[in-house]
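Peer 1: Have a look at the structure that comes next, please.
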Amino acid sequence: MKILLAGDHGAFALKDEIIKHLQSRGGCQIVNLGVDGPESVDYPEYAQKLCRALLAGEADKGILLCGTGLGMSIAANRFNGIRGALCHDEYTARLSRQHNNANVLILGARSTGPAVALGIVDVWLDTEFEGDRHQRRLDKIESRL
Ligand code: RB5
């Protein structure tokens, strides 16, 4: 599985921890789209870079991070075909895959501690979409009914 990661200055440290965690898990290829330091950047640019690459088929899933996760969530979900899920715990991470087929996990580095965030990442990556009635609902979102 190929995973894209991007975040703003509020989340570069957590992004780094997640990358190390994914490397130790193995079984996935990681593409880090930045930012990798504390310099102030604008989160929409990073959301857009990741979403465009994901929609172009360059990866299977994405992880976006900012201070709260809110800005990334708003920016990512402007894209048709992006199902970004801002998750604060393993329960919402699991359901975002089972019911919403989320293709982008969004985390807030200032609102979610690193240990919780790594648990969320694991559950999110290990949980499959259940399809069926949930696919029907997603189709309605895509067709804007
Ligand atoms: C940056 O200060 C902060 O606004 C950003 O990381 C994010 O929380 C926005 O929603």
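Peer 1: Per residue of segment 82-89, in order, report the coupling 6.51 cos²θ - 1.76 cosθ + 1.60 (Karplus, θ = phi - 60°) as ³J(HN,Hα) in whole Hz, putting x for Gly and Pro.
Peer 2: Result, ordered by residue: 9, 10, x, 10, 7, 10, 10, 7 Hz.
Peer 1: If amide hydrogens are placed 1.01 Å from N in the peptide plane, which non-local residues have theirs closer than 5 Å to the one on VAL31?
Peer 2: Answer set, sorted by chain and number: ILE3, LEU4, LEU5.
Peer 1: Something else about it: Using a cut-off of 15 Å between beta-carbons, work out the net charge of the residues near MET1 (Lys and Arg +1, Asp and Glu -1, MET1 not included).
Peer 2: Its environment carries a net charge of -1.
Peer 1: Just the number: Rg to Rh for segment 57-118, Cα atoms, Kirkwood Rh, two decimals.
Peer 2: Ratio value, two decimals: 0.95.
Peer 1: List every residue whose amide H lies under 5 Å from the amide H of GLY67, counting only residues 5 or more places away in sequence or on a different chain, with H placed 1.01 Å from N in the peptide plane.
Peer 2: Those lying under 5 Å, H to H, from GLY67 are GLY10, ALA109.
Peer 1: If you don't mind, another one. Roughly what angle does helix 43-55 make with the longest principal axis of the chain, taking Cα atoms, 0 to 90 degrees, to the nearest 10?
Peer 2: So the inclination is approximately 50 degrees.
Peer 1: Modelling each spin label as a point 7 Å along the Cα-to-Cβ direction, I'd like the HIS88/LEU70 distance in nm, to one decimal.
Peer 2: Spacing of the two 7 Å Cα→Cβ label points: 1.1 nm.
Peer 1: Please give every one of the aspartates and glutamates within straight-line cross-link reach of LYS140, meaning a C-alpha to C-alpha distance under 18 Å, and leave out same-chain neighbours fewer than 8 residues apart.
Peer 2: Answer for LYS140, where 18 Å is the Cα cut-off: GLU130, ASP132, listed by chain and number.
Peer 1: Which residue fluctuates most in the GNM of the chain (Cα springs below 10 Å): GLY108, GLY37, GLY67?
Peer 2: Evaluated over the chain, the most mobile residue of the options is GLY37.
Peer 1: For segment 11-20, take each phi angle, set θ = phi - 60°, evaluate the Karplus expression 6.51 cos²θ - 1.76 cosθ + 1.60, and give the result in whole Hz per residue in order, putting x for glycine and proline.
Peer 2: Karplus values, whole Hz, x for Gly and Pro: 9, 5, 5, 5, 4, 4, 5, 5, 4, 4.
Peer 1: Let me ask something additional. With N set to the residue count of the chain, report its C-alpha Rg divided by 2.2 N^0.38 Å to two decimal places.
Peer 2: Against the compact-globule rule of thumb, the ratio is 0.97.
Peer 1: Give, rounded to the nearest 20 debye, the magnitude of the charge dipole that segment 8-145 has about its Cα centre when Lys and Arg contribute +1 at Cβ and Asp and Glu contribute -1 at Cβ.
Peer 2: 460 debye
Peer 1: Could you list VAL123, VAL31, VAL41 so that the one with the fewest beta carbons within 10 Å of its beta carbon is first and the one with the most is last?
Peer 2: VAL31, VAL41, VAL123
Peer 1: Still on this model: From the backbone phi of segment 130-135, what are the Karplus-calculated ³J(HN,Hα) couplings (6.51 cos²θ - 1.76 cosθ + 1.60, θ = phi - 60°) in whole Hz, Gly and Pro given as x?
Peer 2: Using θ = phi - 60°, the values come out as 8, x, 6, 4, 6, 5 Hz.
Peer 1: Okay, moving on. Taking H placed 1.01 Å from N in the peptide plane, check which residues at least 5 places from LEU86 or on another chain put their amide H under 5 Å from its amide H.
Peer 2: Residues meeting the amide H criterion: ILE106.
Peer 1: So how far, in whole Å, is the C-alpha centre of segment 18-34 from the one of segment 72-105?
Peer 2: 19 Å
Peer 1: Among GLU39, GLU128, GLU58, which one shows the highest mean-square fluctuation when the chain is modelled as a Gaussian network with alpha-carbon springs under 10 Å?
Peer 2: Largest GNM mean-square fluctuation: GLU39.
Peer 1: Further question: Using the charge dipole of the chain (Lys, Arg: +1 at Cβ; Asp, Glu: -1 at Cβ; taken about the Cα centre), state which of LEU5, LEU105, ALA117 has its Cα farthest towards the positive end.
Peer 2: LEU105
None of the figures in this text is laboratory data; all of them are computed from the coordinates on show. A quick note: this is a predicted structure, and the numbers were derived from the prediction, not measured. Cβ sites come from the backbone with ideal geometry, for glycine too, and all protein chains shown count toward neighbours.
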